Amino acid sequence: MSATAAYPNYSPGLQGVVAGITTISQIDVESSSLTYRGYNVHELAEHGCFEETAFLLLKGHLPTAAELDAYKKQLAADRHVPHHVWEALRQCHSEMHPMDRLKVGYSVLAALDPEYKVPATDGEANRRKADRIVAKAATLVAGSWRIANGHNPIDPDAALGTAANFLYMLDGNRPDEFMERAMDTSLTLYAEHTFNASTFACRVCVATLSDLYSGIVTGIGTLKGPLHGGANEEAMHMLISIGSADKAEAWTRNALANKEKIMGFGHREYRKSDSRAGIMGKLGKELGRMKGNTTWGDIAEVMEKVMWDEKQLFPNVDFPAAYAYYLMGIPIPLYTPIFVIARTTGWCTHMIEQLDNNRLIRPSCIYEGPAPREYVAIGSR
Ligand code: ACO
């Protein structure tokens, strides 16, 4: 008998289990749509900027022009990462993945936060901490990457927003308008996604009354895995190994026949499509045309058709994000860290929501181990 038949209350992977109430975002499975605080992510990505989305998530309403201006200035003022963090990152092993470096970075930042000792139950302090966590993310990703590659971090430029600053801090070149827009859009799309694994992990962490930084480190560790955020890096490695559109159909069919997981496809919540992938795919293909390299978009089209025809599986946002970033010239190990830059907004918002109405998160389990038995002294075993 299968485990689910034996235990009707058991849901592997917590699928379908309602684990909380939120006012932050909503996935509509029927229409495959995603809203942040009621606003469709399509509209936010098309008409707004990442900072507007960050404000919307964290403060609960769309900013006025004056509020957005003030928020951008505040982010600019908070972007700086202290040298203690860079010193700690210089001690890291050169092979360490950038996601693991981010855990180091945020752990050091926690201790340097001016409100480090303020208890997690202080909602106002949490809101201020969240602003600092979000502001420093792009600086941390770019600076830790530069250190790992033997360079010094580049200071943020107060005149640039999050997307442009991140690209600038990677190599010192200010991006053109299209590159900035593409990065900004991806950040908006990656910002928030209900009770996904990393967000839930953040909520579990702070529900013990631990602090926001501990939650962020938990979120980063959870996002790193290839079944979650790490899929964007894996998807690009896969596209590179396929190499050209004429090989894509046979490659995909072969992978399916071997019961391999194809990275960047499928989703726990959506059934027909991931609307974010549509927006990102359009951008990726546009980038391909601009750069005179449509290889990745062409491979993607073939794979998407085979995956739908054979398994009714569709690309999630990680699939097109992978080749969009590749076309932007971003090193592959930075794809999941970019997700972190965006998702610090969703994580912080969820942690604040959790702490504002907290109860320890502690599920039950079914025990299938040995029945109670006598302890045997070590000399008698
Ligand atoms: N490639 C091939 N088969 C797949 C894929 C895939 N990408 N995704 C699901 N399936 C198949 C499974 O093999 C399984 O088939 P079976 O019933 O014949 O055994 C069935 O679909 C159900 O799959 P599960 O893994 O049980 O579905 P679950 O809801 O647990 O997983 C997940 C969702 C993890 C996203 C899954 O689709 C997957 O592993 N995708 C690849 C990794 C990925 O892209 N992750 C990013 C998710 S989005 C994000 O984090 C931003």
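Among the residues that make up region 254-271, is at least one of them of a type in the set (D, E), open to solvent by less than 20 Å² (accessible area, probe 1.4 Å) and under 22 Å from Q15 (Cβ atoms)?
The first filter runs over region 254-271 and keeps only residues of a type in the set (D, E), leaving 260, 269.
Within this subset, residues satisfying the condition of being open to solvent by less than 20 Å² (accessible area, probe 1.4 Å) are none.
So far as region 254-271 goes, no, none of its residues is of a type in the set (D, E), open to solvent by less than 20 Å² (accessible area, probe 1.4 Å) and under 22 Å from Q15 (Cβ atoms).
Determine whether region 101-119 contains at least one residue that is more than 22 Å from T222 (Cβ to Cβ), at pLDDT 95 or above and hydroxyl-bearing (S, T, Y).
Yes, region 101-119 has at least one match.
Select, from T295, T345, the only residue that is more than 16 Å from the ligand (Cβ to nearest atom) and more than 16 Å from E234 (Cα to Cα).
Answer to the check: T295.
Pull up region 261-280, narrow it to residues that are among the aliphatic types (A, V, I, L, M) and in a helix (DSSP H, G or I), then point me to the one that is farthest from the ligand (Cβ to nearest atom). If you could, list the steps in order and put the result at the bottom.
Within region 261-280, the subset among the aliphatic types (A, V, I, L, M) is 262-263, 277, 279-280.
Cutting the leftovers down to in a helix (DSSP H, G or I) gives us 277, 279-280.
Values: A277: 9, I279: 14, M280: 11 Å.
Checked region 261-280; the qualifying residue farthest from the ligand (Cβ to nearest atom) is I279.
This table checks each residue for (1) in a helix (DSSP H, G or I); (2) modelled with pLDDT of 95 or more; (3) within 11 Å of the ligand (Cβ to nearest atom).
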| residue | (1), (2), (3) |
| --- | --- |
| I216 | yes, yes, no |
| G221 | yes, yes, no |
| K259 | no, yes, yes |
| M307 | yes, yes, yes |
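Search region 66-123 for residues being among the aliphatic types (A, V, I, L, M) and not in a helix (DSSP H, G or I), and hand back the single one that is farthest from A54 (Cα to Cα).
Per the stated criteria, the residue is M96.
When you scan region 315-335, do you find a residue that is touching a His at 6+ places or on another chain (Cβ under 6 Å), assigned by TED's automatic domain parsing to the domain that holds M263 and either more than 16 Å from the ligand (Cβ to nearest atom) or in contact (Cβ under 8 Å) with a residue 12 or more places away in the chain (or both), even just one?
For region 315-335, residues touching a His at 6+ places or on another chain (Cβ under 6 Å), assigned by TED's automatic domain parsing to the domain that holds M263 and either more than 16 Å from the ligand (Cβ to nearest atom) or in contact (Cβ under 8 Å) with a residue 12 or more places away in the chain (or both): present.
Filter region 178-202 for residues that are in contact (Cβ under 8 Å) with a residue 60 or more places away in the chain, within 16 Å of the ligand (Cβ to nearest atom) and part of a helix (DSSP H, G or I) and give the result.
Within region 178-202, T185, S186, L187, T188, L189, Y190, S198, T199, F200, C202 qualify.
Can you go through A255, A235 and tell me which one is near the ligand (Cβ under 8 Å from one of its atoms), free of Cβ contacts under 8 Å to residues at least 24 places away in the same chain and not in a loop (DSSP other than H, G, I, E, B)?
Going through A255, A235 in turn, the sole match is A255.
When you check G288 against the structure, is it in contact with a Phe, Trp or Tyr (Cβ under 7 Å, 6 or more places away or on another chain) and near the ligand (Cβ under 9 Å from one of its atoms), yes or no?
no
Quick one: in region 109-124, of everything that is surrounded by fewer than 19 Cβ atoms within 10 Å (Cβ to Cβ) and of a type in the set (A, V, I, L, M), which residue is farthest from M169 (Cα to Cα)?
V118
Might you let me know whether region 152-161 holds any residue that is buried (at least 19 other Cβ atoms within 10 Å of the Cβ) and under 17 Å from H350 (Cβ atoms)?
Taking region 152-161 as the starting set, the residues that turn out to be buried (at least 19 other Cβ atoms within 10 Å of the Cβ) are 153, 156, 160-161.
From what's left, under 17 Å from H350 (Cβ atoms): none.
No, every residue in region 152-161 fails to be buried (at least 19 other Cβ atoms within 10 Å of the Cβ) and under 17 Å from H350 (Cβ atoms).
The values are calculated or read from the model by the stated rules, or taken from the named source; none is laboratory data. Bear in mind the structure is a predicted one, so any value in this text is a computation, not a measurement. All Cβ positions, even for glycine, are placed from backbone atoms using ideal geometry, and neighbour counts span all protein chains on display. The accessibility values were calculated without ligands, DNA or RNA, using every heavy atom of the protein model including side chains. Shrake-Rupley method; radii C 1.70, N 1.55, O 1.52, S 1.80 Å.
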